[in-house]
Each structure stands twice: as structure tokens, then as C-alpha cells.
């Protein structure tokens, strides 16, 4: 199994932080900016051009022969679904939602007076389906898929392990090439699960918007092949 962990395109909250250095006024579940939509289109064109499948006898560590995605998964946060949908539409694959692939903290808002982080409902299944007609959803709370308190840091590595286990149960030992559209901070917790650590790595691993990281799972030869590749983005699209 080859896993391509892809960060979503620029969100409205990303732009707020970039412009002000502050999270005040953030959205609980932001959509994409105009720049983010252009990034997602560039990503989809790159992946579509790389949809040739590498021959099984060739080890291609830079995907020179193409990525050849067979499955696409996404976080249920709007910015990830919207990014993944653009790719899924481009290469005509279904899009499966995974509840455990969300960003650290979940859906929440900060009380600007007290600093308290308060969990929010999140989108309902019907609202999620308006983001992508290709989306296949697990069973969710009909009143909003999150609907629980802010997720503390201690819960995140365990969630990442659950997610990794789910993906390996579905695709381990196969030649499947799966894209997982998720989030920059959660990538660090996902790496903790991959590296069998009890907490996220002590050095922060950065991802640009739509940055691509590849991890190969081949039994005893599991390997991080590359991280945060962004050659699909021109300099004016980097964020």
C-alpha cells in the first residue's frame, strides 16, 4: 500500500492567520479561499497527469511513472472535503469520508473573552453531501458529525492509530495507492502512529497547503518516501 497524505488547500482560517497572526474570529469549519481553490485545481491537474500506474517490477521513489491513485479518503472538515472533491472529480474516483481524519481539536470555537475552546456540532450528513456528490459517509450523528467537546492533545495519537489501523485493514498487503486528505497538525500525530511513538515527534513536520507526503507500507520495509512535495504549485500559489 502506498499512502499519499495530502493537506487541504488554503482555508479561510489559514488566510486569517496569515494576514493577522491571530486566530481571533476564526470559523469553526472554514471553507476554501480563492487561492485555496486555485491550489486544489493545480493539485488535481498534477495528479491527473500522474495517473499512470508504475509497473509492479519498478520501484519508483519519485513517482516518475505516475501516482495512479486507486482510492481517495477525506477528513469530514469542509476544507478537506472541498479539496478532495476537486481531485476526485478530475480523476473520476469516489470519495470516502473518515471521521478519524480530522484536524486536532475537532470542530470548535474559542471564547474570545475567556479563551475557552468550545466544541461545535459540525456539519450534518446532508450538509456534507452538498460539498461533494461523490462523498460516501460513515454512520454519523444526524445533528452534526462532531457534537462533542474540544479534543485534547492526549487523545490525538490514539485517534491516529485507529485511523492507520483502519487503512491497513482495508489496504495493507495490496498494491493500492490511496490519497488521504487531512490536516497539517494531524500529520504530526499520524506520523507518531506510523513510527509507533507515544506522542507526536519532537520536531514539527511542516506541510504547505496541498503538500503531498508519501508513506509506503510493505511489511518490514515501511518507509517515508518523501514529505511536503509542492511542485504542482507555482510560487504565487504557495501558502
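Since every read-out is calculated from the coordinates, none of them should be taken as a lab result. Everything quoted here is computed from the prediction, not taken from an experiment. Don't worry about glycine lacking a Cβ; one is built from the backbone with ideal geometry, like all the others, and counts go over all protein chains shown.
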Conditions first: (1) crowded, with 20+ Cβ neighbours inside 10 Å; (2) out of contact with any helix residue (DSSP H, G or I) (no Cβ under 6 Å at 6 or more places or on another chain); (3) part of a strand (DSSP E or B). Residue 224 passes all but one, so which condition is the exception? (1)
Can you tell me how many residues in segment 120-136 are within 15 Å of residue 75 (Cβ to Cβ), in contact with a strand residue (DSSP E or B) (Cβ under 8 Å, 6 or more places away or on another chain) and touching a residue at least 60 places away in the same chain (Cβ under 8 Å)? 1
Where in segment 1-116 are there helices (runs of 4 or more DSSP H), lying wholly inside it, with at least 1 residues that are closer than 23 Å to residue 237 by Cβ and under 14 Å from the mean Cα position of the chain (by Cα)? 34-49, 78-91
Restricting attention to segment 178-192, does a residue exist that is touching a strand residue (DSSP E or B) at 6+ places or on another chain (Cβ under 9 Å), at negative phi and surrounded by fewer than 16 Cβ atoms within 10 Å (Cβ to Cβ)? no
Only unsatisfied item for residue 109, checking (1) over 17 Å from residue 2 (Cα atoms); (2) touching a residue at least 60 places away in the same chain (Cβ under 8 Å); (3) out of contact with any strand residue (DSSP E or B) (no Cβ under 6 Å at 6 or more places or on another chain), is (3)
